[in-house]
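Taking it in order: structure first as structure tokens, then the write-up.
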Amino acid sequence: MKRLSIFILLVAFAIAPSLAQDLDDLLNSIESETIDYTTATFKSSRVINLHSPERVAPGAMEFRISHRFGPLNGGAYNLWGLDQSSVRFGFDFGLTKWLMVGVGRSTYEKTYDGFVKAAILRQSTGKKVMPLSAVWVSNMSVNGLKWEFPDRTNYFSSRIAFVHQLVLARKFSDRFSFEVVPTWVHFNLVEGTTDVNDIPAVGFGGRIKLSRRTALNGEYILRVADKKAPNVANYNDSFSIGFDIETGGHVFQLHLTNSLAMMEKGFIAENTDAWGNGGIHFGFNVTREFTLSKKSRME
């Protein structure tokens, strides 16, 4: 009996490496048959002003309040901008796992805006390897100010501006994400004959995760249009830095930016302030997500 036990033990030691290898091969085979999608590239559907690849889950609604105070160079008389403010209220709706829409109203030019955001690619590993996420965003905004010359013939179409963007984003690690956003802004009507209707731009956004619930964000939008055109030369590129705080269903975004407007055509193409002369606005975004359907879940 003792010899039999020794024989069984020797056989077990002999075949153990082979069994371990077979088990590893089986696990790798199972793993390769699944797709591991990257999540939380950014914490919110906006980096600061720019769209991120994130979307509202289907069956959910996100209520967003965006607020910008006046410029810091307003001095003590305006309490360094705190006496002034600009606000945008927005409602974003998740329709499917790949499609969401949103509408908003801003005090800036009393603007109404709406957008469609659709996922094209999603970063993943496993059976399907995709190195980045790609999202398409199309936005339309309508100037709500009263006509400057109401007695002449005015066309509603002249109030409209369009913005189209391709958000290309990658989560390089649990702590660092980056995106590049080729952009095209189109104004149906411009003020002067030497102004341009189309303003191309490229946005850059990044996120550094500091802790489980906090992150540091930054973005810069470079306009690559003809700088000789007055409606390009008289405005500045947008630059913003921010700090995200997540608390349950809320995400608080505190930031400094030279962009007063909070809709695309404004913060991309109509910035009159600059960091160099103290034209910096303190602001924040607050979001709260509400479940409208039991199917509210993003895989």
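The values are calculated or read from the model by the stated rules, or taken from the named source; none is laboratory data. Keep in mind the model is a prediction, meaning the values are calculated, not measured. Don't worry about glycine lacking a Cβ; one is built from the backbone with ideal geometry, like all the others, and counts go over all protein chains shown. Just so you know, the surface numbers come from the protein's heavy atoms only, side chains and all, with ligands and any DNA or RNA stripped out. Shrake-Rupley method; radii C 1.70, N 1.55, O 1.52, S 1.80 Å.
Observations on the model:
- Of the peptides 46-58, 132-144, the order by per-residue mean of other Cβ atoms within 10 Å, starting with the highest, comes out as 46-58, 132-144.
- Filtered chymotrypsin sites (Phe, Trp or Tyr not before Pro), segment 147-180: DSSP coil and at most 16 other beta carbons within 10 Å: TRP147, TYR155, PHE172
- Rounded tilt (10° steps) of 2-32 against the dominant C-alpha axis of the chain: 20 degrees
- Dipole of segment 52-195 computed with +1 at Lys/Arg Cβ and -1 at Asp/Glu Cβ about the Cα centre; of THR153, GLY74, THR183, farthest Cα towards the positive end is THR183.
- Working note: Karplus 6.51/-1.76/1.60 with θ = phi - 60° gives segment 163-169 the couplings 9, 10, 9, 10, 8, 10, 10 Hz, where Gly and Pro are set to x.
- Cross-link pairs LYS228/LYS265; LYS146/LYS228; LYS43/LYS117 - those with Cα-Cα distance over 26 Å: LYS146/LYS228
- Taking the 1.4 Å solvent-accessible surface of segment 165-299 as the whole, the part contributed by carbon and sulfur is 60%.
- Solvent-accessible area per residue for the chain (1.4 angstrom probe, square angstrom): 55 Å²
- Only helices enter this figure: runs of n ≥ 4 DSSP H residues, each worth -39500 (n - 2.57), summed and divided by the residues of the chain, yield -4500 deg cm²/dmol at 222 nm to the nearest 500.
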